[in-house]
C-alpha cells in the first residue's frame with residue numbers, strides 16, 4: 001500500500017516537468033496568432049500573485065494521502081481530514097508567486113497596466129514588448 005502512496009506522490013511531483021526555460025503556453029494557445037505592442041515602463045510596484053487553485057488542490061490531495069497513514073479507526077478519518085486541510089493551506093501558500101505590476105505607455109499613446117510573474121529585470125524607463133493572446137498578456141519582454 002505504501003508503494004501506491006509513493007507512486008501517487010511521485011506522479012504529482014515529477015509529472016509534466018519541462019526542460020525549456022522559455023515562456024509557457026497552454027495546449028491550445030500556441031496555435032493562435034499573437035499580437036504585440038511596444039512601450040516604455042513609466043511606473044512599477046511589487047505584487048503577490050495568488051494561487052490559481054492548483055497548489056491548493058495538490059496540497060489537499062497529498063495531505064489527505066499522508067493523513068491516511070496516521071491513526072486507526074476513526075482517528076484515520078480525522079487525520080485524513082486534518083491532513084487535507086493543512087495540505088490545502090500549505091499548497092495555497094506555496095502556489096503564490098512574486099510579480100511586478102508595470103504601468104506602460106505604449107508607442108500609440110495608450111496607457112496600460114500589465115502584471116509579470118517572477119523577478120523580471122524590467123526597470124523604469126525600459127522599453128518592453130507586450131505579447132498579447134487575444135486580450136490576455138502572454139509575455140512581457142525587455143527590448
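The values are calculated or read from the model by the stated rules, or taken from the named source; none is laboratory data. This one's a predicted model, so the numbers in the text were calculated from it and none came from an experiment. Note: ideal-geometry Cβ built from the backbone for every residue, glycine included; neighbour counts use all protein chains shown.
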Residue 41 fails exactly one of the following numbered conditions: (1) over 18 Å from the mean Cα position of the chain (by Cα); (2) at pLDDT below 85. What is the number of that condition? (2)
Quick test for you: out of 84, 55, 71, pick the one residue that is closer than 30 Å to residue 31 by Cβ and either within 24 Å of the chain's Cα centre (by Cα) or free of Cβ contacts under 8 Å to residues at least 40 places away in the same chain (or both). 55
Close pairs (7 angstrom Cβ cut-off, 6 or more residues apart or separate chains): on the phi > 0 side of the Ramachandran plot and assigned by TED's automatic domain parsing to the domain that holds residue 136 in the stretch 96-122, part of a strand (DSSP E or B) and exposed (fewer than 14 other Cβ atoms within 10 Å of the Cβ) anywhere: 118/98
Residue by residue through the stretch 94-136, note down the ones that are surrounded by fewer than 16 Cβ atoms within 10 Å (Cβ to Cβ), at pLDDT below 85 and over 30 Å from residue 60 (Cα atoms). 121, 134, 135
Which of the residues belonging to the stretch 30-64 are within 26 Å of residue 88 (Cβ to Cβ) and part of a helix (DSSP H, G or I)? 54, 55, 56, 57, 58, 59, 60, 61, 62, 63, 64
Among the residues that make up the stretch 58-65, is at least one of them touching a residue at least 12 places away in the same chain (Cβ under 8 Å), farther than 30 Å from residue 33 by Cβ and over 26 Å from the mean Cα position of the chain (by Cα)? no
